Amino acid sequence: MSQRYLLKCPQCDAGIEIETTQAGQQIQCPSCSSLTKIGTLREIRQLDVIVEESPIASRSSAWTPLKRWLFVVGILLFVIGAAVGFYSWSNGKKLESSVPKPDTTLDAPTANAIDLLSPADMAKTWDAVSESDIAEWNEHPHISTRRRANESLITAYVFFAIAAAGLIMLASALVIKGSA
């Protein structure tokens with residue numbers, strides 16, 4: 001396709017698109033229908049050039065640096081957030097279902113002995129037992145498993161929120177109008 005130029009109509013000052021192949025010809029103005037003589041090739045080349053954007057150029061110019069940044073970061077946040085979120089969520093649910101039931105049954109002599117202690121005696125006994133090296137005091141499996149399950153679920157919800165932020169960024173990148 002040859003280059004197009006803008007010729008002003010001498011009668012109505014409207015713009016007429018012409019090509020170099022039309023040099024020396026007469027054309028009719030689309031606005032006022034008057035006949036206008038097109039000048040020489042040299043005169044045509046001194047006119048304003050009509051720049052037509054290709055569809056590819058117009059699409060790429062619509063993606064401003066802000067839109068690109070929102071799109072790329074949005075995808076990264078969504079993928080990472082969703083992956084870690086689903087992993088943590090499934091891990092938390094798995095741990096939640098495997099929480100051992102606490103052993104709440106006491107034999108009769110132990111229950112009777114505890115019932116006979118005053119609150120002050122119970123506090124002294126607890127202090128003495130916890131400070132001694134009688135046994136290593138570990139967290140009960142029920143409590144530790146429940147704590148790990150809750151931590152996994154909280155991590156999952158945080159990463160799901162990050163994935164949601166990524167989706168919002170993606171939507172923003174697609175909705176924002178590109179400015180050249």
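The values are calculated or read from the model by the stated rules, or taken from the named source; none is laboratory data. Here the structure is a predicted model, which means the values were calculated and not measured. Surface accessibility is based on the protein's heavy atoms, side chains included, excluding ligands, DNA and RNA. Shrake-Rupley method; radii C 1.70, N 1.55, O 1.52, S 1.80 Å.
Some points to look at:
- By the rule of a C-alpha distance below 23 Å, with chain neighbours fewer than 8 residues away ignored, the lysines paired with LYS177 are LYS67.
- Note on surface exposure: SER31, SER118 rank SER31, SER118 by accessible area, highest first, 1.4 Å probe.
- Accessible surface comparison of ARG4, ARG147, probe 1.4 Å, protein chains only, largest first: the order is ARG147, ARG4.
- Partner lysines for LYS37 [C-alpha distance under 27 Å; skip if fewer than 8 residues away on the same chain]: LYS8
- Using a probe of 1.4 Å on the protein chains alone, the accessible area found for TRP126 is around 140 Å².
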